[in-house]
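A.B. asks: There's a structure below that I have some questions on.
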Amino acid sequence: MELKSKFSKEYQVMVNDVDFMKKIKLSAIFNYFQEIAGLHSDELGIGFNTIQKDYGVVWVLIRIRVDIVKYPLWNDEIIIETWPQLPRKFEFDRDFIVKDVQGNIIARAVSTWVILDAESRKLQKSEVIAIDYPPIIKERAINCILGKLKPYSEPKLAYKRVIGCSDIDMNCHLNNSKYVDFIMDCFTMDELKKYRAKSIQVNYMGEALPGTTIVMRKCIESYAPNIVYVDGLDESTNNTIFRALIDVVPNE
């Protein structure tokens, strides 16, 4: 079978994927990206089940940025395309484009993944799962560097969240899309009615396990009133579990 440089899949936005305004939730977009990345990785021979069985490692998302032009609505049909870049020493980059049925680009994303030992959770070199890639598409969905995030203003407590068993994915930790729901819960209903996320970057810095209490903090950055910083700390250790930066704009 000829390996595809780019993988695409059609999705219909279902009722569980939308918010109270019948607009797709950011977490649903993250779920779609996770699924299609897994499907393409399966086709390339480095899917979740394959690498855990053959190499004892698991995929983990560590950074992602999503830029949204237009939010799909309930029952809308969309097409998502994804393609990988050649891996670096430890990191694997993967890009995504979301289109409507007319072919208009409505969202773009870039992401960085690593592989961890399934037992020790230690970072492994990319060469552990080295394969012959199909021709690489060098064009990037977003021309940016997924760098470190830090607050310029002082974050304040938004709320606390205890991680339950239903939050845990097949890697036995909090799934990346769940963090996005927690981030959006830092905003009020009125704020979500007035504003939407134009862009979001999330850096995942630690694992959250069942029973972990995450201290959610938030601040509006002093250098730009439309930039909101959110992070989550492990209450027991004060270690940072994730950091996020959201660019918000008024709803149309």
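Readers should treat all values here as calculations from the given coordinates under stated rules, not as data from a laboratory. Model, not experiment: these values are computed from the prediction. Backbone-built Cβ (ideal geometry, glycine too); neighbour counts: all protein chains shown.
A.B. asks: Give the cross-link partners of LYS178 among the lysines, using a straight C-alpha distance below 16 Å as the criterion and excluding same-chain residues fewer than 8 apart.
C.D. replies: LYS25, LYS160
A.B. asks: Can you tell me the Rg and the Dmax, both Å, for the Cα atoms in the chain?
C.D. replies: Spelled out, the Cα radius of gyration and Dmax of the chain are 18.0, 54 Å.
A.B. asks: To continue, here is another question. How much mean residue ellipticity at 222 nm does the chain get from its helices, if each DSSP H run of length 4 or more adds -39500 (n - 2.57) and you divide by all residues, to the nearest 500 deg cm²/dmol? Don't skip to the end; give the middle numbers.
C.D. replies: Values: 4 runs with 42 residues, N = 252.
Theoretical 222 nm ellipticity from helices: -5000 deg cm²/dmol.
A.B. asks: Helix by helix, which DSSP H runs in the chain go 18 Å or more along their axis at the Cα atoms and have an average Kyte-Doolittle hydropathy of 0.0 or more?
C.D. replies: 26-44
A.B. asks: Tell me the label-point distance for the pair ASN104, ARG140, using the 7 Å Cα-to-Cβ offset, in nm and rounded to one decimal.
C.D. replies: Roughly 2.7 nm, to one decimal.
A.B. asks: What are the residues whose amide H is under 5 Å from the amide H of LYS198, where those residues sit 5 or more places off or on another chain and H is modelled from the backbone?
C.D. replies: Residues meeting the amide H criterion: ASP247, VAL248, VAL249.
A.B. asks: Among GLU91, GLU81, GLU235, which one shows the highest mean-square fluctuation when the chain is modelled as a Gaussian network with alpha-carbon springs under 10 Å?
C.D. replies: Among GLU91, GLU81, GLU235, the largest mean-square fluctuation in the Gaussian network model of the chain belongs to GLU235.
A.B. asks: LYS156: which aspartates and glutamates have alpha carbons under 16 Å from its alpha carbon, excluding same-chain residues fewer than 8 sequence positions away?
C.D. replies: Cα-Cα hits under 16 Å: ASP185, GLU221, ASP231, ASP234, GLU235.
A.B. asks: I've got another one for you. Would you mind computing the Rg to Rh ratio of segment 55-103 from its alpha-carbon coordinates, Kirkwood style for Rh?
C.D. replies: In segment 55-103, Rg relative to Rh is 1.08.
A.B. asks: If you average the sequence gap of Cα pairs under 8 Å that are 6 or more apart and divide by the length of the chain, what percent do you get for the contact order?
C.D. replies: RCO, the chain: 18 percent.
A.B. asks: To continue, here is another question. How big, in percent, is the set of alpha carbon pairs in segment 63-203 lying more than 25 Å apart?
C.D. replies: Values: 4233 of 9870 pairs.
Distances greater than 25 Å cover 43 percent of the Cα pairs.
A.B. asks: Relative contact order for segment 1-126 using alpha-carbon pairs under 8 Å, separation at least 6, rounded to a whole percent?
C.D. replies: This gives 28 percent for segment 1-126.
A.B. asks: Can I ask one more? Given a cut-off of 18 Å, what percent of all Cα-Cα pairs of segment 1-118 lie beyond it?
C.D. replies: Numbers: 3635 of 6903 pairs.
Result for the distance tail: 53 percent.
A.B. asks: Taking Cα pairs under 8 Å and at least six residues apart, what relative contact order does segment 113-252 come out at, in percent?
C.D. replies: Normalised by residue count, the contact order of segment 113-252 is 25 percent.
A.B. asks: What lysines sit close enough to LYS89 to cross-link, taking a C-alpha to C-alpha distance under 21 Å and skipping anything fewer than 8 places away on the same chain?
C.D. replies: Qualifying lysines at Cα under 21 Å: LYS122, LYS125, LYS138, LYS148.
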